[in-house]
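Below: one structure, written as structure tokens.
All of the numbers you see were taken from the coordinates with simple rules; none came from a lab. What you see is a predicted model; the values in this text were computed from it and never measured. Positions of Cβ are backbone-derived with ideal geometry, glycine not excepted, and every protein chain shown enters the neighbour counts.
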Amino acid sequence: MGIVVLTVVQFIIGVIHVFSGFLLLFASPSAVFVISAQLPEIYSIYTLAFGLLTLIFIYGLWLGKNWGWNGTVAVSMFVLVADTLALLNLPSIPGIPKLAAAAEIIYSLMVLIYLSQTHAEASQKASE
């Protein structure tokens, strides 16, 4: 049941980030979303890449593939580090919103904790 919830939530997060990444990259400064003019282009690319990687790796996770688990862990760890650096005003991805960073840190920790528990259980069952 937990993997179903994780894949659904990760799918939604991935789609939102892909949409936001494209929007931030291609929206004109005069568009309704004026925020895109205030953020560095690197943040737009980061958002798009994060969304695409999330969708790719969650597909692998859904299929029970190790690369899906490893990729999801790697992306979650990267987000955890990048957002923590942003909150501490240390060099990170320019443009990461502080409120979003705090929420993403909490969510990434939850994903990492869940995956570490389920991966350990799956490894034990596979060795029996």
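Structure data summary
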| read-out | value |
| --- | --- |
| Label-zone membership for region 76-104, site Met110, 7 angstrom Cα→C-beta point, backbone N under 16 Å | 76-77, 80, 100-104 |
| Karplus-derived HN-Hα couplings along region 59-65 (A = 6.51, B = -1.76, C = 1.60, θ = phi - 60°), whole Hz, x at Gly and Pro | 5, x, 5, 4, 7, x, 8 |
| Length added when fully stretched, Lys65-Val81, from 0.36 nm per residue minus Cα-Cα | 3.3 nm |
| Size-normalised alpha-carbon gyration radius of region 46-117, reference 2.2 N^0.38 Å | 1.12 |
